[in-house]
Amino acid sequence: MTNFLARLLLPFAIWFAHFSISYGATTLLCSTGQETGVHRTVMVLATVLAVILLIATLATSVRVLKSRPDRIAAAAATGLAVIAVIWTSLPAVLLDACS
Amino acid sequence: MKPPSSLPNTLPRPRSELAKLKAVWHLPSGWRTITAVNNTVVGYFYIATAFLFFLLAGILGLLIRTQLAVPENTFLSQDTYNQIFTMHGTVMMFLFAVPAVEAMGILLLPQMLGARDLPFPRLGAFAFWAYFVGGLVFFSTLFFGAAPSGGWFMYPPLTGMKFSPGIGADFWLLGIGFIEISAIAGAIEIIVGVLKTRAPGMTLTRMPVFAWTMLIFAGMIVFAFPAVILATILLELERAFGWPFFIPERGGDALLWQHLFWFFGHPEVYIIFLPAAGMVSMIVPTMAGVPLVGYRLIVVALIATGFFSFGLWVHHMFTTGIPARSLGFFSAASMAVAIPSGIQVFAWIATIASGRLKLTAASLFVLGFLFVFTLGGLTGVMVAMVPFDWQAHDTYFVVAHFHYVLFGGMVFPLFAAFYYWAPAFSRRQLSERLGKWAFWLIFIGFNTAFLPMHVTGLIGMPRRVYTYPAGLGWDTLNMVSTIGAFLVAAGVLVFLVDLVRNLRLTNTDSVGNVWNAGTLEWLPNHAFGTRSVPFVNSLYPIWSTRDLARDVERGGYFLPGTATGSRETIVTSAVNAEPQYVMRVSGPGWAHLSAAVFTAAFFLLLTAKLVIIAVACGILAIASIFIWMRQSDPAPAGKAAIGGGISLPTYMSGPMSHSWWAMVVLSLVAGALYLSYVFSYLYLWTVVPDVWPRPDSLPGLPVLAVSGLAASAVALWAADRCVRLGRRGAFIGLVAVGVVALIASLAADIWSQWHAGIRPDTSGYTAMVYANAVLQAQIVAAVFCMALFAAFRAATGRVDSLRRVAFDNLALFWLFALGQGALGLLLTHGFPRMAAAL
Ligand code: HEM
Ligand SMILES: [Cu+2]
């Protein structure tokens, strides 16, 4: 049971970390005058890492959680977080970030 | 916890048991009712006041519409108009919407969770009275022409000293800042209440969706409100002492305000909406006669919405010239948040489809909500697209959009809630006939008023203009909007008639479960909640347990009387709801009331620059809080049998106790405030790095300040040992030394900055340095007061190895002060050196 709440919060915590890090990193890189390529690499890396982490937590969640509804809920949370992570990072990767 | 195989307490119960329970929970009568702290009484006061502000701000809305009905109208002057729309927005958001949902939580949660009361009844009452006094005074500034006029989001430079020299802006900053403190007090109450006072067996997955939403609501308040509190502190420092945080020509940045405001302001929209969604999730299953479809998915969606809403704030700033990366980032994030909202809407529709919806007044308001809110969501996705927003920003299109979201997402559900829950608290049901009249008038009126505004905006009418010339094609549309607004007013009037005719609030003999609902708030209720505390085995216990209402009312379930002779409720574990101890909750009193009044007076007098009286009121407020705390620190009183062979302690300290949870949440609030500050500091540096000093003009390394913190930490550690060993004298001495060291550390740092020639009003950077000291001083002052209290309790023999809550609370906050102090030194001394090296 304790796990259920943690398993619901974890994906969103990962989303939040990804969000803060990529927003913070781009702001920092742009304001210190790094070129766009550096920033793009950072974004791609952060996003890939976040998605891998999300999938890994889902894998463990499915193992830890006993009931089917709980697993579905964990999967839904992960799904939403994956969409949000990819969706927010797309423009930052595709656009010329520091303009 | 396993369900009990038979009723935990034998029936029938002795007569005296109920009599004693009644006596302990007796409500003060007559004018002493204002000292009452029962969640129902405070809940009634709270909702009534919030609704009063809805009416007042609604009247302001009508004044706005009257002024705009025809072109070149002279009904209101420009300045009055500015005050009126600012007050309309501010009052609707801060004095109606947030308090109204908080009030619903205070009224409904204990009943719904099977608790006798909230864990800190006086804190809830304090929050209410502070809001009541502060709100009324704030509103009355309008009658003196001294109301703020900078719009509800108060952007500087317009609201800086140069362009708003009057006192109105200060009223906004101190008044609203203060009312937010009241909201935070309520949020702490709600978090601890939801997590710790649920009936045995009500695991998190058996918790009603409304309770989930209130938990998320309160959690969001904890993280969002500190941002705007910090913003108000900074702007007030700028206005009062000339510290130039937001003045670009002096090394500040006006956009910093917008970041802080919207980091609060966007989640605020969901803070208002989520509890409303929770209410809808309670009403729909009952009216359709089936369990909610996709309970867990809804919970996931709610949590997702809560989180995602913190990543959207910049979409209010698309037209400020921010870089492309921010535009893309926040535009995309704004669209992503539509997904969880969609999940909820589909779950409600599926529930309606799987049952048979009774078309009651409450159902009508829910359907109205679905329609209006969905339209608001659609225009929301439109304005989330940057090119579209560039066109629509600051026009009536946006006014239309956010009224669809706010009125649709919050006012319709609230009316549904009134019609739905009234029978649980009133001797008479509200009239279905009047309710349907009210609904149709409000629904048709609302759409008549606000649908045309989309067009008015698209053809170019800006918001916040007090009049407009004829012949631009805006005339008819505006007239239609005004007629619609008065239709809404007519609907609200019908509702008021219904209230007067039918609402008969009661604590003993409500009509009861007329809708055949399944959740606990529909059990027979009294001033003490239910007669006995039920065991919960499903999401809809009344549906799933035979004769639950009867057995609960006869006292067959847990704690059918009072175990210690005072007011009590059962504390259970946060996730699995295993009984942990019986907590004594406080009854009626004056101390929290005078604390509220004097705190309000402190802030308001400060605004009026009556510093000496303000300080006197501040001292009286602290004294009141001392008395209040002294009364809520009961001695351990042995064990209590609650039935079913379960015997629980009646005193608890440490991580299981309710006070520990409250202190942790309070520390989170303080932490969020400080993180907002760290963000502001770093943000300002990215904008105006030139005003950051070279390392050689910095003060030397803060050796003294660090040693002060270290000494304080050692004293804390030693004081803790003394509590364990029962050494009273040494304990008091160590607390004194520790607090003095804490103060000395802060003083040393301020002195070193000053000595290095740094003055707060020089630039954005220097202002930030001293803002750090201000924030630390607040925390240190709180630690000082708590230390005084703990020392006082120890001196009179009321702190020992068992009874240690007074010290535990101090220790937690003390630890926080040490952490924040260290972080502050790292930031103000370390960062400039690091930045110079970059
Ligand atoms: C009958 C009901 C209402 C009417 C007739 C109404 C009317 C208006 C109008 C015409 C404006 C635009 C004023 C201008 O830009 O010059 C406005 C602004 C606003 N309204 Fe309402 N409103 C109503 C209800 C509400 C509710 C229920 C809420 C929130 C819960 C709300 C929140 C706001 C806010 C935040 C603003 C922006 C104020 C600003 O620009 O600073 N309103 N309202
Ligand atoms: Cu927003």
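For the range B:576-700, dividing the convex hull volume of the Cα atoms by the residue count gives 227 Å³ per residue.
Remark on B:Q580: its backbone amide H falls under 5 Å from those of B:V571, B:T572, B:S573, a criterion applied only to residues 5 or more positions apart or on other chains, H modelled at 1.01 Å from N. Extension gain, B:H26 to B:N507: 0.36 nm times the residue separation minus the Cα-Cα distance gives 172.1 nm. If R0 is 51 Å, the Cβ-Cβ spacing of B:S647 and B:Y683 corresponds to a FRET efficiency of close to 0.40.
For the residues of A:64-75, the average number of beta carbons from a partner chain within 10 Å of their own beta carbon is 2. Looking at the protein assembly as shown alone, DSSP beta bridges between its own residues are antiparallel in about 100 percent of cases. Compactness of the range A:2-94 was expressed as the Cα radius of gyration divided by 2.2 N^0.38 Å, which yields 1.23.
Which FRET efficiency value, to the nearest 0.05, is calculated for B:L52 and B:S77 with the Förster distance at 45 angstrom and r the Cβ-Cβ distance? Mind dumping the intermediate values first?
Numbers: r = 26 Å, r/R0 = 0.59.
FRET efficiency, B:L52 to B:S77: 0.95.
Can you list the equivalent-ellipsoid semi-axes of the range B:360-399, largest first and in whole Å, using the square root of 5 times each Cα gyration tensor eigenvalue? Before the final figure, lay out each step's value.
Working: eigenvalues 163, 18, 3 Å².
Working through the eigenvalues yields semi-axes of 29, 10, 4 Å.
On full extension of the chain, what length is gained from B:S16 through B:R727, given 0.36 nm per residue of separation minus the C-alpha to C-alpha distance? Spell out each step's value before the answer.
On the way: separation 711, 0.36 × 711 = 255.96 nm, distance 4.35 nm.
251.6 nm is the gain from fully extending B:S16 to B:R727.
What you get for chain A, charging only the Cβ of Lys and Arg (+1) and of Asp and Glu (-1), is a dipole of about 560 debye around the Cα centre. Label zone of B:L136 (point 7 Å out along Cα→Cβ, amide N under 17 Å): in the range B:172-196 this covers B:179. Placing a label point 7 Å from the Cα of B:L62 along the Cα-to-Cβ line, the residues of the range B:469-488 whose backbone N sits under 20 Å from it are B:478-488. Taking θ as phi - 60° and the Karplus parameters 6.51, -1.76 and 1.60, the scalar couplings of the range B:258-265 work out to 5, 4, 5, 4, 7, 4, 7, x Hz in sequence order, x denoting glycine and proline. Debye sum, Cα scatterers, the range B:398-508, no solvent: what log₁₀ I/I(0) at q = 0.22, 0.24 1/Å? For the range B:398-508 at q = 0.22, 0.24 Å⁻¹, log10 I(q)/I(0) is -1.12, -1.26. Once label points are set 7 Å from the Cα along Cα→Cβ at both B:L359 and B:W717, what is their separation, rounded to one decimal in nm? Output for this residue pair reads 7.3 nm.
Each helix, a run of at least 4 DSSP H residues, gives -39500 (n - 2.57); summed and divided by the residues of the protein assembly as shown, these come to -22500 deg cm²/dmol at 222 nm. A Cα-only calculation for the range A:60-99 places Rg and Dmax at 15.5, 49 Å. Between the C-alpha center of the range B:693-753 and that of the range B:213-292 there is a gap of 34 Å.
Ellipsoid fit via the Cα gyration tensor, the range B:294-384: semi-axes of 32, 15, 9 Å, each the root of five times an eigenvalue, largest first. Computed from phi, the 3J(HN,Hα) profile of the range B:492-502 under the Karplus parametrisation 6.51, -1.76, 1.60 (θ = phi - 60°) reads 4, 4, 4, 4, 4, 4, 4, 4, 4, 6, 10 Hz, with x in place of Gly and Pro.
Once the Cα-Cα distance is subtracted from the 0.36 nm per residue extended length, the B:A777 to B:N516 segment shows a gain of 88.5 nm. Distance between the modelled labels on B:F371 and B:A637, one decimal in nanometres: 5.5 nm (7 Å Cα→Cβ projection).
For B:G643, the residues whose modelled amide H falls within less than 5 Å of its own, excluding neighbours fewer than 5 places apart on the same chain, are B:L559.
How would the protein assembly as shown be classified by its alpha-carbon gyration tensor: rounded, prolate or oblate, with rounded meaning a/c under 1.5 and the a/b versus b/c comparison settling the rest?
In terms of gyration-tensor shape, rounded.
Could you estimate the translational diffusion coefficient of the range B:1-152 from the Stokes-Einstein equation, with Rh from the Kirkwood formula over C-alpha pairs, at 10 °C and 1.306 mPa s, in whole µm²/s? Roughly 85 µm²/s, to the nearest whole number. Along the positive direction of the dipole of chain A (beta-carbon charges: Lys, Arg +1; Asp, Glu -1; about the Cα centre), which of A:L58, A:T88, A:W15 reaches farthest? Of the candidates, A:L58 comes out farthest on the positive side. From largest to smallest, the equivalent ellipsoid semi-axes obtained for chain B from the alpha-carbon gyration tensor read 41, 39, 23 Å. Considering all different alpha carbon pairs of the range B:190-326, the Kirkwood hydrodynamic radius works out to 17.3 Å.
Label 7 Å along Cα→Cβ of B:E578; the range B:201-217 residues with amide nitrogen under 18 Å? From the range B:201-217, the list is B:201-206.
Would you mind giving the total buried accessible surface between chains B and A, with a 1.4 Å probe and ligands, DNA and RNA left out, rounded to the nearest 100 Å²? Present the calculation step by step, with values, prior to reporting the outcome.
Working: alone 30800 and 6320 Å², together 34070 Å².
When B and A are taken together, about 3100 Å² of accessible area is lost.
Label separation (B:T33 vs B:S538): 3.9 nm, computed from points 7 Å beyond Cα along the C-beta direction.
Applying the Karplus relation 6.51 cos²θ - 1.76 cosθ + 1.60 with θ = phi - 60° to the range B:156-169 yields 3J(HN,Hα) values of x, x, 3, 9, x, 4, 5, 9, 10, x, x, 8, x, 4 Hz, where x marks Gly and Pro.
The values are calculated or read from the model by the stated rules, or taken from the named source; none is laboratory data. Here the structure is a predicted model, which means the values were calculated and not measured. Neighbour counts run over all protein chains shown; Cβ positions are idealised from the backbone, glycine included. Side chains are part of the model used for accessible areas, which takes the heavy atoms of the whole protein and leaves out ligands, DNA and RNA. Shrake-Rupley method; radii C 1.70, N 1.55, O 1.52, S 1.80 Å.
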